[in-house]
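K.L.:
Take this structure first; my questions come after.
The values are calculated or read from the model by the stated rules, or taken from the named source; none is laboratory data. Everything numeric in this text was worked out from a predicted model, so none of it was measured. Methodologically, a virtual Cβ is constructed for each residue, glycine included, from the backbone with ideal geometry; neighbour enumeration extends over all protein chains shown. Surface areas here come from the heavy atoms of the whole protein model, side chains and all, with no ligands, DNA or RNA. Shrake-Rupley method; radii C 1.70, N 1.55, O 1.52, S 1.80 Å.
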Amino acid sequence: MIGEMYSGYLYMAIAIWIFSGLFNLGVDRTNYGQFEMKKEQKASTVLGWINLSLGVLTFTGAMIIKLLV
C-alpha cells in the first residue's frame, strides 16, 4: 500500500533530476570555466550535485519501498 502512494511520473522526475545534474556538471560547469565565470561555475556545480543526489536518492528509496512492500 505504501508503494502505491506516489504518482506514475516518479521515474520521469528521477530521470530529469539525474540528466539535468549530469548536464550541469558536464556542460554548464565547463562552459562557465572557459569564460572564467566563477560564481556561475560554482552555482552550476552545487546545483548539479543537488540534482544528481536527489535523483539517485529518490530512485534508491523507490526501489527499497518497492522491495519491502
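K.L.:
Run the numbers on the chain and let me know its relative contact order in percent, using alpha-carbon pairs under 8 Å that are six or more apart.
P.N.:
That works out to 46 percent.
K.L.:
Right, next: Could you state the angle between the C-alpha long axis of helix 10-23 and the longest principal axis of the C-alpha atoms of the chain, as a value from 0 to 90 degrees rounded to the nearest 10?
P.N.:
Relative to the chain, helix 10-23 is tipped by roughly 20 degrees.
K.L.:
Find which of GLY26, ALA43, LEU10 sits farthest along the positive direction of the dipole of the chain, computed with +1 on the beta-carbon of Lys and Arg, -1 on that of Asp and Glu, about the Cα centre.
P.N.:
ALA43
K.L.:
Let me ask something additional. Kirkwood Rh and Cα-based Rg: tell me the resulting Rg over Rh for the chain, rounded to two decimals.
P.N.:
1.17
K.L.:
Now a separate question. Residue by residue through region 42-48, which ³J(HN,Hα) values in whole Hz follow from phi under the Karplus form 6.51 cos²θ - 1.76 cosθ + 1.60 (θ = phi - 60°), with glycine and proline marked x?
P.N.:
Listing the rounded values in order: 5, 5, 5, 5, 5, 5, x Hz.
K.L.:
Ignoring any ligand, DNA or RNA, what whole percent of the accessible area of the chain comes from carbon and sulfur when the probe is 1.4 angstrom?
P.N.:
72
K.L.:
Tell me the mean residue ellipticity at 222 nm calculated for the chain from its helices only (DSSP H runs of n ≥ 4, each -39500 (n - 2.57), averaged over every residue, nearest 500).
P.N.:
For the chain, the value works out to -25000 deg cm²/dmol.
K.L.:
Taking the Cα centre of the chain as the origin, how large is its charge dipole in debye, to the nearest 20, when only Lys and Arg (+1) and Asp and Glu (-1) carry charge on their Cβ atoms?
P.N.:
Around 140 debye, computed over the chain.
K.L.:
Here is a follow-up. Given 0.36 nm per residue, what is the gain on full extension from VAL27 to LYS42 after removing their alpha carbon distance, in nm?
P.N.:
Difference between extended and current length: 4.1 nm.
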